[in-house]
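See structure below.
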Amino acid sequence: MRSFSLAVAVLLAGCAQPPGAATTLPAAPAGAQARSVSFTIAQRITPGKKTELVTFTTLVPRTIPGRQVIRRIDYSVQPDKVFEKHGNTYAVFILDRLDRPVEVNIRVWADIFRSDLETLQARGGLAEPETSEELKRCLRAEKCIECDAGPIQEAAGRIGGKDRIEQARNVLAFVTSTLRYSSYSKQQKGALKSLKEKTGDCTEHADLFVALCRAKGIPARTCDGFIMHPPKPGDTARHKWAEVYVEQLGWVPVDPLLVARGGASFGRLPNRYVYATRLRNDVLLDNYEMSYYRYHGENIKFEDSVIVHGRS
């Protein structure tokens, strides 16, 4: 009896590299600014001669009130199952005709909305009410968010502020002044190792920001998704940022790496984010990012990319 071999693929591995320092940012509007975008998540699976079956599971963006409206999703290969759980949407593909490479392309059309601190304050009121269970989850330590570790606790204790907004702003300043941007690494450092080494890409910047906020008793979480800006050659539209919870406002997005690179501030972000998940560790993906696959028989080759199209 032959058993399944398991291969885990980190989809779209990488981190959108922010542009160089920006001299000015667009003025904040009185309300959210909508933007129509379209992009394709492209995957190519090349089987081995003796590969018999591949099961591929991936996140697909969903509508999030105040953040994004998914208007349409087209699949080049129809998924065998689409389901929702943990606030995410997943598509499952079972591939058994493997005499040639299979391309699975997911084309997404969406409207995205500016939802930074300045926009939320101008709008007024709680934009996105949250459950007590989710707020408690966003205070706990987890893999790569070691908010209970001694060095994280010590660093958080040195960061002050008269209220939650000022504390989070000061946490962001600490992260951007402490970490030096490094090129993408497949290694998952986590917040603790990033603090010790003082380097990281978008993932480490977000992890450390979230860990320090949680250590200070501020609910925070990482966000994984896509930047709607055509990437430079060799780069990717894949990106990771964070959110911090503020009473009377709800979840406020923060992009530590973009701030470190001069393209944003704590209060103001460009309107170019598409959310895929707000979970740092997803048990349905075996705690890997964005997707994973299983194969039966010979190993496979997995290639992926994101294509950002013009305005839709």
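The values are calculated or read from the model by the stated rules, or taken from the named source; none is laboratory data. Please read all numbers here as calculations on a predicted model, not as lab measurements. Methodologically, a virtual Cβ is constructed for each residue, glycine included, from the backbone with ideal geometry; neighbour enumeration extends over all protein chains shown.
Quick notes on this one:
- Pick from segment 285-302, criterion touching a Phe, Trp or Tyr at 6+ places or on another chain (Cβ under 9 Å) and of a type in the set (A, V, I, L, M, F, W, C), ranking: modelled with the lowest pLDDT: F302
- For the criterion of being in a loop (DSSP other than H, G, I, E, B) and either modelled with pLDDT of 95 or more or farther than 22 Å from A168 by Cα (or both), L126 fails.
- Of all residues in segment 119-138, those satisfying the criterion of being surrounded by fewer than 18 Cβ atoms within 10 Å (Cβ to Cβ) and either among the acidic types (D, E) or under 26 Å from L192 (Cβ atoms) (or both) are E128, E130, E133, E134, L135, K136, R137.
- Of all residues in segment 229-240, those being surrounded by fewer than 22 Cβ atoms within 10 Å (Cβ to Cβ) and closer than 20 Å to N88 by Cα number 0.
- Given (1) farther than 24 Å from T46 by Cα; (2) touching a residue at least 60 places away in the same chain (Cβ under 8 Å); (3) not in a loop (DSSP other than H, G, I, E, B), number of the condition N271 does not satisfy: (3)
- Residue in segment 52-69 that is at negative phi, assigned by the TED database to the domain that holds D304, surrounded by 13 or more Cβ atoms within 10 Å (Cβ to Cβ) and in contact with a His (Cβ under 6 Å, 6 or more places away or on another chain) present: yes
Residues are listed down the side, and each one gets a yes or a no for (1) among the charged types (D, E, K, R); (2) farther than 30 Å from Y292 by Cα; (3) touching an Asp or Glu at 6+ places or on another chain (Cβ under 7 Å); (4) without any contact (Cβ under 8 Å) to a residue 60 or more places away in the chain:
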residue: T89; (1), (2), (3), (4): no, no, no, yes
residue: V92; (1), (2), (3), (4): no, no, yes, yes
residue: E103; (1), (2), (3), (4): yes, no, no, no
residue: T119; (1), (2), (3), (4): no, yes, no, no
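- Against the list (1) over 17 Å from L59 (Cα atoms); (2) at pLDDT 95 or above, the condition D282 fails is (1).
- Filter pass, L98 being of a type outside the set (K, R) and at pLDDT 90 or above: yes
- Note on segment 1-77: enclosed strands (runs of 3 or more DSSP E) holding 1 or more residues that are of a type in the set (S, T, N, Q), at pLDDT 95 or above and under 24 Å from the mean Cα position of the chain (by Cα) are 34-46, 51-60, 68-75.
- Residue match in segment 199-206 (condition: farther than 26 Å from E134 by Cβ and in contact with a strand residue (DSSP E or B) (Cβ under 6 Å, 6 or more places away or on another chain)): yes
- Selection over segment 78-91 of residues that are surrounded by fewer than 16 Cβ atoms within 10 Å (Cβ to Cβ) and assigned to a loop (DSSP other than H, G, I, E, B) gives a count of 4.
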